[in-house]
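Engineer: Before I ask anything, let me first share the structure, which is written out below as structure tokens.
The values are calculated or read from the model by the stated rules, or taken from the named source; none is laboratory data. Quantities reported herein were computed from a predicted structural model and do not represent experimental measurements. Cβ coordinates were reconstructed from backbone atoms using ideal geometry, including for glycine residues, and neighbour counts include every protein chain displayed. Just the protein is used for accessible areas: all its heavy atoms, side chains included, with ligands, DNA and RNA removed. Shrake-Rupley method; radii C 1.70, N 1.55, O 1.52, S 1.80 Å.
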Amino acid sequence: MKVAVIGAGASGLISAKVLSEKGINYDVFETGDQVGGTWIYSENTVDKHGLPVASSMYRDLRSNLPKEVMEFSEYHYNIENVSYITRSQVLDYLQSFCNEYNLKENIKLEHLVTKVSRTEGGWLLTAKDLNHGTESIMFYDAVFICIGHYSLPNYPEVEVKESFTGLSLHSHYYKTPDIFDNKIVLVIGMGPSATDITFNIHPNSKQIYLSHHCSEEIKQLFPEDIIHKPDVKAIEGKTVYFEDDTNAEVDAILYCTGYKYSFPFLDESCGIKVYNNYVSPLYKQVFSITHPTMIFIGIPFMAFVIRMFEIQARCALNALTGIANLPPREEMLEDMKSWEKVQISRGYSENKFHMISDYVYQYFRDLEKVGNVTPPCPDVLFKLFYTSGKNRKNNLLKYRDIVFKIIDAENFIIK
């Protein structure tokens, strides 16, 4: 068996490790010049080859999950007395992980995958060597797609009566707070990026308007001088109109409105579609139901994803090697439809079908069962994940000061 892994971020690195454990022949293709994926910080928006920088990292970012749930099962952070760590500490961890398990020898840096197509018995992958401009076409029995989904910005549909004349950018392009100094800023969104960046720019901005549709309880977690507004209805020059029929003059708009799933290298023969930001047809959000040797690592969100990547990769490898058997195609389709019904019952449309949040425990356990993955993810990590989420909701400004320590597979303490 020969396997292609596309991407050398956290999901690609753990996929490479589980493949190497079994002695499987594999190649990792990475567009950048180093491993680490979204955790690589760059002040540039295009790289030295003129390609868009995929990472959405900004200079002052700290993790919004404790490091205790942000590590692979067999490799730990060498960091004491802090749980919420910097972007550079996460990047160091991933690059150290890569070195520890000798993964670099199989990683083709600065290689852009331009096409993957289905062929008899497997996959044809076309990759461009960015340094030499040459292209190669290679055959693989299976493909792991590990490119993440935080690189193609999503913008809301807003009526524009007259083009905005101030500074306008998506959080993907945000790097440092100084660009908003002494400005009246409208931040659109209330996800992790919106809240973190709002606190980041607050000290030196003139005024911040925060557009969202969250509860009064959420509003109380922010400084009193931040003005909360509902969704934006229209933009006219520097005037922004809101759904409550109020308006404001602003100097800058920051769109913290999420990202789109995008797989531009997948040929139609792969049988994968993205509709309203929903990737399908997938079994357990991992296996292509049409061609189960195409595997997606990292599609779901709102989970402790680094450990999720590992469970997904081990599940996929066990299915490929016969340690586990996937159900028939009809059963996989029915399972996918059942999950869609669950999400619809929660009031979600397709663009939220990959959000697992309250179903993290069930999702991980389902994957472990499907893929005969052992040992199971320790219960303590689920407890930590949900505790961290509650702390974040209760105190956005101070929750990162908390330090956790895992005692055993079931218990943790706060130091």
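Engineer: One residue is enough: does segment 298-320 have a residue meeting the conditions among the small types (Gly, Ala, Ser), closer than 19 Å to Asn277 by Cβ and open to solvent by less than 30 Å² (accessible area, probe 1.4 Å)?
Structural biologist: Yes, segment 298-320 has at least one match.
Engineer: So, one more: Do any residues in segment 44-56 that are closer than 11 Å to Asp33 by Cα and without any contact (Cβ under 8 Å) to a residue 60 or more places away in the chain have Cβ atoms under 7 Å from those of residues that are polar (S, T, N, Q) and surrounded by 14 or more Cβ atoms within 10 Å (Cβ to Cβ), where the two are at least six apart or on different chains, and which pairs are they?
Structural biologist: Sorted first by the residue in segment 44-56, then by its partner, the list stays empty.
Engineer: Something else: Somewhere in segment 270-283, is a residue buried (at least 18 other Cβ atoms within 10 Å of the Cβ) and free of Cβ contacts under 8 Å to residues at least 40 places away in the same chain?
Structural biologist: Within segment 270-283 (the criterion being buried (at least 18 other Cβ atoms within 10 Å of the Cβ) and free of Cβ contacts under 8 Å to residues at least 40 places away in the same chain), the answer is yes, since at least one residue qualifies.
Engineer: Is it true that Arg118 is assigned to a loop (DSSP other than H, G, I, E, B), open to solvent by 20 Å² or more (accessible area, probe 1.4 Å), of a type outside the set (A, V, I, L, M, F, W, C) and modelled with pLDDT of 95 or more?
Structural biologist: So Arg118 does not fit the description; no.
Engineer: Take Tyr101 and tell me if it is among the aromatic types (Phe, Trp, Tyr), surrounded by fewer than 20 Cβ atoms within 10 Å (Cβ to Cβ), over 22 Å from the mean Cα position of the chain (by Cα) and closer than 15 Å to Ala10 by Cα.
Structural biologist: yes
Engineer: Taking Val69, is it in contact with a Leu (Cβ under 7 Å, 6 or more places away or on another chain) and among the β-branched types (Val, Ile, Thr)?
Structural biologist: Judged against the criteria, Val69 is a match.
Engineer: What residue, among those in segment 169-215 that are farther than 22 Å from Ser42 by Cβ and hydroxyl-bearing (Ser, Thr, Tyr), is most open to solvent (accessible area, probe 1.4 Å)?
Structural biologist: Top of the filtered list is Ser215.
Engineer: Something else about it: Does any residue of segment 300-310 turn out to be assigned to a strand (DSSP E or B), within 26 Å of the chain's Cα centre (by Cα) and of a type outside the set (D, E, K, R)?
Structural biologist: Within segment 300-310 (the criterion being assigned to a strand (DSSP E or B), within 26 Å of the chain's Cα centre (by Cα) and of a type outside the set (D, E, K, R)), the answer is yes, since at least one residue qualifies.
Engineer: Still on this model: Identify, by number, the condition in (1) in a loop (DSSP other than H, G, I, E, B); (2) out of contact with any strand residue (DSSP E or B) (no Cβ under 9 Å at 6 or more places or on another chain); (3) of a type outside the set (Asp, Glu) that Met190 doesn't meet.
Structural biologist: (2) is the only condition that Met190 fails.
Engineer: Separate question: Taking the criterion of being of a type in the set (Ser, Thr, Tyr), in a loop (DSSP other than H, G, I, E, B) and open to solvent by 50 Å² or more (accessible area, probe 1.4 Å), would at least one residue in segment 342-352 satisfy it?
Structural biologist: yes
Engineer: From Leu94, Leu169, Leu125, grab the single residue that is touching a Phe, Trp or Tyr at 6+ places or on another chain (Cβ under 8 Å), closer than 30 Å to Ser211 by Cβ and at pLDDT 95 or above.
Structural biologist: Only one candidate passes the filter, namely Leu169.
Engineer: Filter segment 71-87 for residues that are outside any loop (DSSP other than H, G, I, E, B) and touching a strand residue (DSSP E or B) at 6+ places or on another chain (Cβ under 6 Å) and give the result.
Structural biologist: Across segment 71-87, the qualifying residue is only Thr86.
Engineer: Looking at Ile85, Ile145, Ile179, Ile107, which is the one that is hydrophobic (A, V, I, L, M, F, W, C) and in contact with a helix residue (DSSP H, G or I) (Cβ under 7 Å, 6 or more places away or on another chain)?
Structural biologist: Ile85
Engineer: Looking at Ile218, Ile253, which is the one that is among the β-branched types (Val, Ile, Thr), open to solvent by 30 Å² or more (accessible area, probe 1.4 Å) and within 25 Å of the chain's Cα centre (by Cα)?
Structural biologist: Exactly one residue qualifies, and that residue is Ile218.
Engineer: Within segment 17-48, track down each residue that is within 15 Å of Glu105 (Cα to Cα) and charged (D, E, K, R).
Structural biologist: Across segment 17-48, the qualifying residues are Lys17, Glu21, Asp27, Glu30, Asp33.
Engineer: Another question about this same structure. Considering only residues that are under 25 Å from Ala409 (Cα atoms) and surrounded by fewer than 14 Cβ atoms within 10 Å (Cβ to Cβ), which ones fall in segment 48-95?
Structural biologist: Correct list: Glu74, His76, Asn78, Ile79, Glu80, Asn81.
Engineer: Exactly one of (1) of a type in the set (Asp, Glu); (2) part of a loop (DSSP other than H, G, I, E, B); (3) within 21 Å of Met302 (Cβ to Cβ) is unmet by Glu68. Its number?
Structural biologist: Looking at each condition in turn, Glu68 falls short on (2).
Engineer: Residue by residue through segment 221-230, note down the ones that are open to solvent by 20 Å² or more (accessible area, probe 1.4 Å), modelled with pLDDT of 90 or more and more than 13 Å from Ile253 (Cβ to Cβ).
Structural biologist: Within segment 221-230, Pro223, Glu224, Asp225, Ile227, His228, Pro230 meet the criteria.
Engineer: Moving to a separate point now. Looking at (1) touching a residue at least 60 places away in the same chain (Cβ under 8 Å); (2) over 30 Å from Phe242 (Cβ atoms); (3) open to solvent by 40 Å² or more (accessible area, probe 1.4 Å), which is the only condition Cys146 fails?
Structural biologist: (3)
Engineer: I've got another one for you. Looking for whichever is open to solvent by less than 80 Å² (accessible area, probe 1.4 Å) and part of a loop (DSSP other than H, G, I, E, B) here; the options are Val360, Val380, Val373. Which one fits?
Structural biologist: Exactly one residue qualifies, and that residue is Val373.
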